[in-house]
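Notes to accompany the following structure.
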């Protein structure tokens, strides 16, 4: 159940952030059909963000009375080819401030802690687009 709460927390956080942008940023979710937008449809830059939560093995603590859920979130940011990297860096800064290492993300009774700053991965080959994964680690102790 806690893994589902963790996924819900991150998806909701990104969805709310994306909706608050002007214009709104389309969000792609795992196992949900998504067609990348045309550049003109989501100006500026034909942007979108894909969200994927990856769980590591949970660990028991406190003589088996609790579990430590760990993993990482990959936010794949994509823009139309030819717009350069400046916009991606600005987007990363916004997402990084959304995922601070100093305060938990709260979903019900679960507290999710970000344990590493958001980092760029290598660009992904995607015809007509510039696509880069951003990754952040998390830990969620559950009692």
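The values are calculated or read from the model by the stated rules, or taken from the named source; none is laboratory data. None of the values given here were measured: they were computed from a predicted structure. In this analysis, Cβ positions are derived from the backbone assuming ideal geometry, glycine residues included, and neighbour counts consider all displayed protein chains.
Restricting to region 72-87, name every residue that is under 29 Å from residue 5 (Cα atoms) and crowded, with 19+ Cβ neighbours inside 10 Å.
From region 72-87, those under 29 Å from residue 5 (Cα atoms) are 72-78; that's our starting set.
The answer is 73, 75, 77, 78.
Given the options 85, 76, name the one that is closer than 18 Å to residue 25 by Cβ and over 17 Å from the mean Cα position of the chain (by Cα).
Working: 76 fails: over 17 Å from the mean Cα position of the chain (by Cα).
None of the other options fit; the residue is 85.
Which of the residues that make up region 105-134 are part of a loop (DSSP other than H, G, I, E, B) and crowded, with 16+ Cβ neighbours inside 10 Å?
Filtering region 105-134 down to residues part of a loop (DSSP other than H, G, I, E, B) leaves 108-109, 115-118, 121-123, 125-128.
The one that is part of a loop (DSSP other than H, G, I, E, B) and crowded, with 16+ Cβ neighbours inside 10 Å: 118.
Assess whether residue 82 counts as being at pLDDT 90 or above and outside any helix (DSSP H, G or I).
Values: at pLDDT 90 or above: no; outside any helix (DSSP H, G or I): yes.
Considered against the rule, which asks whether it is at pLDDT 90 or above and outside any helix (DSSP H, G or I), residue 82 comes out as no.
What is the one condition in (1) assigned to a strand (DSSP E or B); (2) in contact with a helix residue (DSSP H, G or I) (Cβ under 9 Å, 6 or more places away or on another chain); (3) modelled with pLDDT of 90 or more that residue 95 does not satisfy?
(1)
Of all residues in region 43-59, count the ones that are at negative phi, touching a strand residue (DSSP E or B) at 6+ places or on another chain (Cβ under 7 Å) and either modelled with pLDDT under 70 or not in a strand (DSSP E or B) (or both).
Of region 43-59, the ones at negative phi are 43-44, 47-59.
Those still in the list that are touching a strand residue (DSSP E or B) at 6+ places or on another chain (Cβ under 7 Å) too: 47-56, 58-59.
Next, from what is left, pick out any that are either modelled with pLDDT under 70 or not in a strand (DSSP E or B) (or both): 47, 56, 58.
Counting residues in region 43-59 that are at negative phi, touching a strand residue (DSSP E or B) at 6+ places or on another chain (Cβ under 7 Å) and either modelled with pLDDT under 70 or not in a strand (DSSP E or B) (or both) gives 3.
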